[in-house]
Structures are given as structure tokens and as C-alpha cells.
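The values are calculated or read from the model by the stated rules, or taken from the named source; none is laboratory data. The structure presented is a predicted model; accordingly, all values stated were derived computationally and were not measured. For neighbour counting, all protein chains shown are included, and Cβ atoms are generated from backbone atoms with ideal geometry for every residue, glycine included.
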Amino acid sequence: MKQQRKPKLAVWKFASCDGCQLSLLDCEDELLAVAGEVEIANFPEASRAVARGPYDISLVEGSITTPHDAERIHQVRRASKVLITIGACATAGGIQALRNFKDVREFASIVYANPATIEALAKSTPIADHVFVDFQLRGCPINKYQLLEVLSAYLHGRKPNIPNMSVCVECKQRGIVCGLVTHGPPCLGPVTHAGCGALCPSYHRGCFGCYGPKEAANTGSLSAWWAGKGMTERELLWNYRNFNAYAEAFRKESEAHEE
Amino acid sequence: MERIEYSAIETLLQVLKRRDYVTLAPILREGAIIYDEVENASQLPRAFVDVQAAGSYRVERREDNAYFGHHVGPTTWKKFLFPPLFELFRVIRTASGFRIEGDANSENHDTVPQHKYAFIGVRPCDVQALALNDKVFQNGPYVDRAYKVRRESMFVVAVNCTEAGGTCFCDSMGTGPKANGGYDLCLTELTGDDEGFFLLEVGSERGADVAKELPSRPADPSERERAVEAIQRARTSMGRTLQTDRLREMLADNLDHPEWDNVARRCLTCANCTMVCPTCFCSTVEDVTDLTGATARRVRTWDSCFTLEFSYIHGGSIRSTPKSRYRQWMTHKLSRWVDQFGEYGCVGCGRCITWCPVGIDLTEVARAIRERQHSSITLQEEV
């Protein structure tokens, strides 16, 4: 029987910190299994060797922030059978999408000696705003076990088990006592997409919303409850302005508390 | 009815441990009174009380030295019988096909833990919840073997309530504050000016066998009278009430009531209410493969009718709106559960009220519907 060729895996970087693609190298124990199942064809963080496309699976990290990247993502899409975005930048614009609420030219004029040479788009946007995306894996950074689950699912032609429920379900499954109800720090868990395994609540911190809004996130109700407990408009705004500030539910909620 | 002294609690724990029970009891952790394994009576949350309101829970010191001077917390006993994550079986690829290992529902399965659990401090509402769990998991045509194995070997020490919590309404549901069977032993704790003590009732042969080893004397009439009064005090100080007269019909007849829209505006669909509910039993199964495809595992996890995926069938989710999800949950508990099992699926423990992050109160929702009843529409889900 002819040996089947291994699927080609490529990793692409756009505007990002590299943390999500490093989750793949961070797989440690499972890394050899990954290398055994796929040909790592393009992954500059791991190897300078680059194999030509097309690629069976492309993992895309980062958001689109420059005219050059807005073109490049189309090339990546054309060379990829399956395109999976990884992380908050690629799925929601990332922390750099905080610029979307202000004038980026103003920032450039302050930061750079010669801002005329800077070519930046007015907004940092997610990959799905530009090309068709087969699957979006959330998180800042992504959870390596979820990455392995998505890769396993695509390699074996099944649906990934990535539930879109709230972080609260993970908390309760782990038996973590709810900080919101026991008067702990503010927690975005009830409006945030699961996936981290309730990491922050397990250390008695509120959820920061790293995985972005869950489906049907009722941020308005949570804000109204907090406002009733004395949270100021400014605090409400900044609760939603972080890694997923430009994800629709969080964006609308923070804008509702702008002065 | 016997009187046992406070010191007998330690004896009770040790007697149960000698009989190879894993002793599970209330314990103070992370600012809440939860249920977990305890080694001795000093670990019990003595002299603490939980102050509960809608969306609020706080543990405070008590003035007396009561062992069970608290109410119910965020944990439910169901987690020991119906664990949040449970592997049902695994499939191993072989040269000629595949083989199945560790099937939790097979008679000769050896990976279902053989723990004998002793639940100590089960409140009357939770005793009734266990009876409802039994109907779902072991009394019907589909028996959950892992549940049944644990349930049959289990020992229940119930504790009657002499104070009601801020969100309690067991009196409305007829499940408390006094346990009516369903236990091996039942305690009523009495505190006052003197050092407190317990009155002990035996509910089974297994219970009688354990009770024999506890130093006791027959309770005198005045002590019995104090117990009756204490339980009556709990009955008359319920934090909430739910009028159950025609409740099943009223909800079924008001599926288009505007109150469902009101509650949907507040509901976060976060699923906390279902996670803390002692009778919510929904689960989903996930098939997990490894990277190489050599093994696959089928894992059962707690699920909730508040998630979008819960009602997903070919083509989409039936209950896409928060309104339809909240209505599904509440009408199941208080209306269709009666059709299905012949009694309410709510035991009045109040956990869903306390642990809702925005304090939604099902007794208020029911009251709002009752006060302004609508003409009925036929039972159909909006898509």
C-alpha cells in the first residue's frame, strides 16, 4: 500500500505577540505526536525550513493592521485548504484594537520620529473580516489542549469539541466557589466564552474575558447589576476594554459607558 | 428519638470511617460552605452561618457554637453520584479493528470507583433532591450503573433545619424543613444558653446499626418539644415563598407571558442556576480522539439547557433566544417535571437564586406570572 503523505501544517503570523503560535511549541509532551502526524511546512518560530504550499491546515495568528497584511491574508487563504484562526488578535483584533476607539495617526505622531513612513490601517481587524475562516479558536493566549483538540479533530475529520458556553460552567465543574456572588473581584465569567478552564477564578481572581464574549453575552445585564453595586461608568468601560475590546458584544458594552 | 451530645459527632464520623465510608460533610473553603471529605469533626464549619440573598452569599460568625448552623451552599451532593466529568468508555484501535475498554455501564466494569460514601449534613431539601435523582438515574428503564453502584452503598445523615436561609422556600415545595424519610440517620441540632446537643432519629437498619455505637439516652418530652418548636421557627421564617396552587397549569398556560421577556433581559444564560441545582441532571457526551487516532474516549460532562448547543439539532438550535432557554428551564422544573415524574423538580433549596450572578429569583418570576395571567397559547417553541 502506498504510504499516505502527511498533511502539511503552516503557521502564519500577522499583528500579534507570537504567544499563541508558541502554544504549539509549548505542547511539549504532545509535540512529537504532532510532528509525527503532520509535516510542519511553514513555522518560522520552529524552523527556517519552509515547504511550498498548498497547505492542508493553516493556523493564523494576529490581526490585520496594515495594507500589506490585508493583501497577504488573501494569499494565505488561497494556499490553505483549512484556515483556523488562533487567539484574540486573529478572532477579535486583539489588544491592538484599542486603537479602533481612537485616531491611530495621532498615536503615530507621538510615538514615531517620522510618522510619514508608517503605513497603518485605521483599525485592527480580525481575520474573518477579510477572508473565510473555517474555525476560530479563541483565547489570549489560546489553550494548548484546545489547540491539540482542534488539530486532532481536523486530522480525523470530526467536529472539534470546543464548547461555546460561559466560563461559569467550567468554574462549577471544577468546584470553584463563585467570586461574583461571594463579593470577590469583578468577574466577566458569565459573559465570557469558556476554554481556559476557569484559570483566573481558580486563583481567586475575576475573569478578564480573555476568550471573548460567549454567544448571546448579556453584558448589559451584568453592567446594570454592577452599576447597582456602585461600579462607576469608567470602571464599567474598562472592564470590557482589553484583549477582546473590539469583539462586538464587548465593544458595544464599553461604548455604552463612554462619556 | 435519642439525645446525643456534641461529642458524639466525632464518634459518628469515626464509626462511619471504620465501616469504610468516605465521610463527606460541610467544610468552609474559599469563603463558602461546600461539601467535601472530612477526617474529623473539627473540620466542620462550627459557629459559622451563611447569609444569603439573591446573587449574594457571605459566611459570618455565629453567636452560638452550632455545628450545622448554616444552610445549603454552592455544592450539591449530586456531584458525588453524577460527576461533572466522567469517562464512559474508551476505544482502542487494534490490527484487526478495535476493542472497547472500561465500559462504565457494563456489569463487570471495574473502573467505577467502589467508594462507599457517607453524606453527613444533608438538608431535607437535598434529601428530596436525592430521591428525584434516583427517579432519573436508577428507577426508570435506563439505569446509570455508576450512579446506582454508589447510591446503593451510600449512607445518609440528614440534618433538619431549625433556621431558614435567605433564599430558602422548602416549606412551599413540601420538602422541609423536616426530613420525611430518605435517610439512615437524622439529626436535629438544638442550641441555646447551654452547650448544644442533637436529637437523633433512625431511618434504616443500616442507620440503627451505626446508632448503636453512639452514646445516647432517650430524649425527654421537653427536648422533643424544643425540636418541634425549632423546626417550626424555620418553617415560619422562609426567605422566599412559592405559591404552588395550580402552578403546573399556570405556567403551561402562560408561555407567552411578558414576564418571560422581562427575565430574558436580565438572564446571562451563564448556566450557573443549572450547575448549582441539586436536581438538574442534563449531560452531554463528547467523543475525544488523540492525534494519532489510536484511541478515542467517550466522556460525559454536565450540560445545561442555558447553552446554545444544548438544543442543537440538524439545521440549528431550537432555543436560540435567552427567553426560550429560561422558560424551558423554569417550566421544566415547575410544570413539565410533574407530567414526567409526578412531582415538582424543584426542592426549594434556593441555590439558583443565591448563585445567579445577577440575582434572578424564580419565585419572583412565578409571582409576576401569577399576578397577571395571560390567555394561553398552544405549547410550541419559538425558533
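Residues in segment B:264-286 include at least one that is at pLDDT below 95 and among the hydrophobic types (A, V, I, L, M, F, W, C). Taking A:Arg205, is it charged (D, E, K, R) and more than 11 Å from chain B (Cβ to nearest Cβ)? Yes, satisfied. If only residues of segment A:158-175 that are surrounded by 19 or more Cβ atoms within 10 Å (Cβ to Cβ) and β-branched (Val, Ile, Thr) are counted, the one that is farthest from A:Cys196 (Cα to Cα) is A:Val169.
Does B:Gly176 satisfy being closer than 16 Å to B:Ala158 by Cα and not in a loop (DSSP other than H, G, I, E, B)? For B:Gly176, the condition - closer than 16 Å to B:Ala158 by Cα and not in a loop (DSSP other than H, G, I, E, B) - is not met.
Remark: B:Val156 matches the filter, which requires a residue to be under 22 Å from B:Ala66 (Cα atoms) and either outside the structural domain of B:Val15 (by TED's automatic domain parsing) or β-branched (Val, Ile, Thr) (or both).
A count restricted to segment B:126-164 and to residues that are in contact (Cβ under 8 Å) with a residue 60 or more places away in the chain, of a type outside the set (A, V, I, L, M, F, W, C) and more than 21 Å from B:Thr236 (Cα to Cα) stands at 6. A single entry from A:Gln146, A:Gln136 fulfils the requirement of being in a helix (DSSP H, G or I), touching a strand residue (DSSP E or B) at 6+ places or on another chain (Cβ under 7 Å), more than 8 Å from every other protein chain (Cβ to nearest Cβ) and crowded, with 16+ Cβ neighbours inside 10 Å: A:Gln146. Only a single item in (1) away from chain B (no Cβ under 11 Å); (2) at positive phi; (3) out of contact with any His (no Cβ under 7 Å at 6 or more places or on another chain) is not met by A:Gly212, and it is number (3).
For segment B:171-200, how many residues meet the condition of being modelled with pLDDT under 95 and in contact with a Cys (Cβ under 9 Å, 6 or more places away or on another chain)? Qualifying residue count, segment B:171-200: 1. When the helices (runs of 4 or more DSSP H) confined to segment B:256-335 are screened for residues that are surrounded by fewer than 22 Cβ atoms within 10 Å (Cβ to Cβ), facing another protein chain (nearest Cβ under 10 Å) and touching a residue at least 40 places away in the same chain (Cβ under 8 Å), those reaching at least 1 such residues are found at B:258-266. When segment A:175-185 is filtered for residues that are modelled with pLDDT under 95 and more than 8 Å from every other protein chain (Cβ to nearest Cβ), only A:Pro185 remains. Residues that are in contact (Cβ under 8 Å) with a residue 12 or more places away in the chain, more than 22 Å from B:Ala230 (Cβ to Cβ) and of a type outside the set (S, T, N, Q) within segment B:187-215 comprise B:Arg206, B:Val210, B:Glu213, B:Pro215, listed in sequence order. Would you pick out the residues in segment A:103-133 that are in contact with a helix residue (DSSP H, G or I) (Cβ under 8 Å, 6 or more places away or on another chain), at pLDDT below 95 and part of a helix (DSSP H, G or I)? A:Arg105, A:Phe107, A:Ala108, A:Ser109, A:Pro115, listed by residue number.
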